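For reference, the structure discussed in these notes is given below.
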Amino acid sequence: MALLAVLVGLSLRFFTQSKNIENLYLFSRSPIKQYCNKARHFCVDFQNEEGLAKASEAIKEKLDLIIIAIGLLHKEGKGELKPEKNLKDFQSQNALEVYFINAVVPMLIAQYFLPKLPTDRKSVFCALSARVGSISDNHLGGWYSYRASKAALNQMIRTIAIELERKNKNAI
């Protein structure tokens, strides 16, 4: 089994210790500690579509499991970005950045990596979302950009699932 993990802080201990996983491809924005011999790490600028295309081309084998665990809630330092506690905190540029990372990047990853799922056996494409992306479960308000971006991600993943069901019956 080959696994692609697009990650931000995803615990990899289970995957590195699993005897069922032969190859582990790790994509992150910055360098990470080498986990094991079966892991290959790629630094990818997720905001650069050309970089994602090249990363996809670098993997020649079929991928049995793709996990996207990337997201942006806040960013400290220069150009600080914080979750909006109320409407007056909303800033369009911050909203666009959060939406791009949380909803658009997973779609680009899907575009380039879904063709790498095998059609002759079970495979999984997974993107981690957040409960705050639920429209019906929003009882506290706030976090406008993050909530909207995760709701968009949920809709995009649902739409991918419908298309994938027609193209690859073994994919989940």
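None of the figures in this text is laboratory data; all of them are computed from the coordinates on show. This structure is a prediction, so every number in the text was calculated from the model and none was measured. Heads up, the Cβs are rebuilt from the backbone with ideal geometry, glycines too, and the neighbour counts pull from every protein chain shown.
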Projected-area mean, the range 2-167, by convex hull of Cα positions, square nanometres | 11.0
Separation of the residue 122 and residue 158 label points, Cα + 7 Å toward Cβ, nm = 2.5
Using DSSP loop states and a limit of at most 12 other Cβ atoms within 10 Å to flag GluC sites (Glu not before Pro), what is the longest stretch of the chain containing no flagged site?
-> 81-172
Positive-end extreme of charge dipole, the chain - chosen from 130, 43, 171 (charges on Cβ) | 171
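What full-extension length gain, to one decimal in nm, is calculated for residue 140 and residue 32 as 0.36 nm per residue of separation minus the Cα-Cα distance?
Using 0.36 nm per residue and subtracting the Cα-Cα distance, I get 35.3 nm.
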Tell me what the chain gives for mean residue ellipticity at 222 nm when only DSSP H runs of n ≥ 4 count, each as -39,500 (n - 2.57), the sum divided by the residue total, rounded to 500 deg cm²/dmol.
-> -10000 deg cm²/dmol
Distance in nm between pseudo-label sites at residue 23 and residue 82 (7 Å out along the Cβ direction from Cα) = 4.6
Can you spot the lysines whose alpha carbon is less than 25 Å from residue 82's alpha carbon? Ignore those fewer than 8 places along the same chain.
-> 150
